[in-house]
1. Does residue 488 qualify as being touching a strand residue (DSSP E or B) at 6+ places or on another chain (Cβ under 8 Å), in the same structural domain as residue 380 (by TED's automatic domain parsing) and more than 30 Å from residue 564 (Cβ to Cβ)?
2. Could you please give the count of residues in segment 476-495 that are in a strand (DSSP E or B) and crowded, with 21+ Cβ neighbours inside 10 Å?
3. Step by step: first the residues of segment 277-296, then only those that are touching a residue at least 40 places away in the same chain (Cβ under 8 Å) and farther than 16 Å from residue 257 by Cα, then the one that is surrounded by the fewest Cβ atoms within 10 Å (Cβ to Cβ). Which residue is that?
4. What are the residues in segment 297-308 that are surrounded by fewer than 18 Cβ atoms within 10 Å (Cβ to Cβ) and either in contact (Cβ under 8 Å) with a residue 40 or more places away in the chain or closer than 25 Å to residue 763 by Cβ (or both), if any?
5. How about segment 85-95: which of its residues are more than 27 Å from residue 174 (Cβ to Cβ) and either touching a helix residue (DSSP H, G or I) at 6+ places or on another chain (Cβ under 8 Å) or surrounded by 11 or more Cβ atoms within 10 Å (Cβ to Cβ) (or both)?
6. Here are the criteria: (1) at pLDDT 80 or above; (2) in contact with a strand residue (DSSP E or B) (Cβ under 7 Å, 6 or more places away or on another chain); (3) within 15 Å of residue 89 (Cβ to Cβ). Tell me which single one residue 152 does not satisfy.
7. Do the conditions hold for residue 98, that is, is it over 30 Å from residue 284 (Cβ atoms) and either surrounded by 14 or more Cβ atoms within 10 Å (Cβ to Cβ) or at pLDDT below 90 (or both)?
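The values are calculated or read from the model by the stated rules, or taken from the named source; none is laboratory data. Not measured: the values here are computed from a predicted model. Cβ sites come from the backbone with ideal geometry, for glycine too, and all protein chains shown count toward neighbours.
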């Protein structure tokens, strides 16, 4: 018959065959599927969610098609080949007085008539009816070109047999059915015959001879590939080209070599089967079929070995993509996950309704830049709060110290945040200019006076909050002391390249990380130096910053130590990913006096805030988010996510409290919606760029951290040949063939040997 699982690939529905009852039940009995079914039914019963919300949740259920065969490209849309089974939808009105009676009657009648129907499957739908799958009936005079007529005749006939009307909106062969669970209460009947994939015969019109045998079995098309442990083969292949060839697929000139390499990668998870590999391995760039087939045969003749290390890396990467999607749209305040392979670059969706301040702030940039602007503004916003203390749900007090790195590729439009930040900081910038002038005048008056009695003391009311240029430890200390003495104001730094921050730590990245931790926790710092020009004193670290960087620079600066010591978890990570293929120059609106005046209302409220701030709605939101992200950590099986979500929620809670102040101490639903999304986005970005480091830190497997002969290994590239190894070995003055050292590295988990590329590969972590 026909049972196809529907998957989203680059936004399009693709079909893959479900080949056994066991596989079908496994899909339906996943914890996520059971949770979704339960939540939807609960929401319909107690009215806790709107129809729109329920509809959104329903779209996240597993989808199956029973009535057609995919086309050559594997797509559901446009399929014109009916299968030998038909899916039928029966719905009842829950408001009908006889609703319960009708719901109880259907299973009894269908099972009584199952032989006449040639029943293949009967399930209770998620809400108000049943789905039936039965063997397609053949009607004379209905040829392949009249698919709809064939489908509708089948539905009418089945409807007559069971005595129920079918849903006339579900009469297309491409109709998908949202599944429930594999429990006895939901899945009332299923036959193994359902998984015997057959297309319907091409039937003659009246007076014509039959041209096909109804029992003919079709081989699955390339577009309807299976999967390995729930990961579609197509996703594995796509990720392989992405990871090792920058997404470049084989073409004329290298398609033979690369196809051979791909077969070597995939054969262990395709049962070393020629037939299976021919269904899995694409024929790239017009690769002649005979030559393509010989390439597969040639790779299969190579000695069988265990799973290649590269394949393990690819599988881990695809699973991480799935995890990112779950984090982006997971079981949090903003909705539930839709797992679609290969779409990890799709970040959480910005809410349609946003707090007024953020709407104004991002109004001058194009839509795909708005979320970047939203998240970039928090250091500048925090810079306006002084003498304000917030009380977290754990009973501790804290201040608003939110720093944000902005990660994106070159020319991605990161500069679109500059104008909004400048406008928010306009009042601080003007005051700083006046104080910079006063400080310069003081220096001029005291030039050359040294420790003489004529030397004037530096004015204590000088405060310069923006520290963008003179990035030295002494300058930061002076600014922080000034901030302490003048209303407990915080210092803000904005740099175009994150490396510039290292100057504050005398070139030491780890000291910058320490300042991040002290700043987030509002801890005390201080120094005692000898000398007239030295800065002495202790102070609370009130320092926030914006810094831009590419992903490579980010991973070099925000290193593994930042993961281990908690520095990364204290940051609000921002990113920009432009739509695929969009290389347009960004269009920017006019920043004018009107824009400034609209923002001023909110900035003034920040400047006026003082004392202890409590917001019970923000507290309730924090409790909710902590529970939901903890549940999500369980779904992702990620201890790293659990740990990182604690501070991400606290950062989100701070944003909620600040927006509460800016909204004139009034709570608004848009605050909750935005903050829930912002937390998801922050965590998603952290795992997008630092996921490997985070997971490595929170796994029990520390084999790669064992002591051993690693000095030489550090001199080698991530992938190296034996010849390259010997070159390095000779460079450091070692003789012999070095094979003993290689074996030691392999034994201790530092490297693995990859049969595909004939190279040693350093293991991550």
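1. yes
2. Matching residues across segment 476-495 total 4.
3. 279
4. Residues satisfying the conditions are 302, 303, 304, 305, 306, 307.
5. Residue satisfying the conditions is 94 alone.
6. (2)
7. yes
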